[in-house]
């Protein structure tokens, strides 16, 4: 049975039958993310992606009709993989303190975005020109916010919690994306101190609507 990652990749790939082809497709997605991270969306050529994956350019076209299809597949694979681990980001901590829940969310979101730097660089550089990618990512962002809001309501969240959670998640994503994309950012999101400081700010903000 295909995994969520495989299903997401297959939606934007040309049909394949053999398991070896599935493995190659996943290698192509990983290679594309790496090249996007290094060269940006516009700078990434299919030839570069093929070289990184250790396959021919023809093998890329055999599985994906173009770079846009690769981009879409990466975005959908990311959301499926993260959705499958949603409990690690939010739900598993529902019996912890509000502060611990928020700190876990911030730390794991930072780690996930570091891992998928290529996807987020491509989204910032070209995402607005690919509304289908943005639709996937924005819908998933809202899903994450709803899950976090649900857990925090169990901790006595007051009126205005929904809006506060949306602001808080935007704080997190905005801070992390700047750190991912700008090497001259005053704080780099791959440092422990920066992520801890971000968590401090989000905890302080949410305490206005989640007292305990």
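Observations on the structure shown:
- Qualifying residues in segment 173-195 (those that are surrounded by fewer than 14 Cβ atoms within 10 Å (Cβ to Cβ) and closer than 16 Å to residue 104 by Cα) - the one modelled with the lowest pLDDT: 191
- Segment 137-165, residues that are free of Cβ contacts under 8 Å to residues at least 24 places away in the same chain and closer than 11 Å to residue 206 by Cα: 149, 162, 163
- Residue within segment 114-126 that is more than 13 Å from the chain's Cα centre (by Cα) and assigned by TED's automatic domain parsing to the domain that holds residue 173 present: yes
- Meets criteria (out of contact with any helix residue (DSSP H, G or I) (no Cβ under 8 Å at 6 or more places or on another chain), within 25 Å of residue 32 (Cα to Cα), at pLDDT 90 or above and part of a helix (DSSP H, G or I)) for residue 135: yes
- Condition check for residue 176: within 17 Å of residue 198 (Cα to Cα) and either in contact with a strand residue (DSSP E or B) (Cβ under 7 Å, 6 or more places away or on another chain) or touching a residue at least 60 places away in the same chain (Cβ under 8 Å) (or both): yes
- Of the residues making up segment 144-165, none is more than 25 Å from residue 96 (Cα to Cα), within 14 Å of the chain's Cα centre (by Cα) and surrounded by 18 or more Cβ atoms within 10 Å (Cβ to Cβ).
- Residue 79 touching a residue at least 60 places away in the same chain (Cβ under 8 Å) and under 18 Å from residue 176 (Cα atoms): yes
- Within segment 110-123, considering residues that are part of a helix (DSSP H, G or I) and touching a helix residue (DSSP H, G or I) at 6+ places or on another chain (Cβ under 6 Å), the one surrounded by the most Cβ atoms within 10 Å (Cβ to Cβ): 122
The values are calculated or read from the model by the stated rules, or taken from the named source; none is laboratory data. Since we're looking at a predicted model, the values are computed, not measured. FYI the Cβ positions are ideal-geometry reconstructions off the backbone, even for glycines, and counts take in every protein chain you see.
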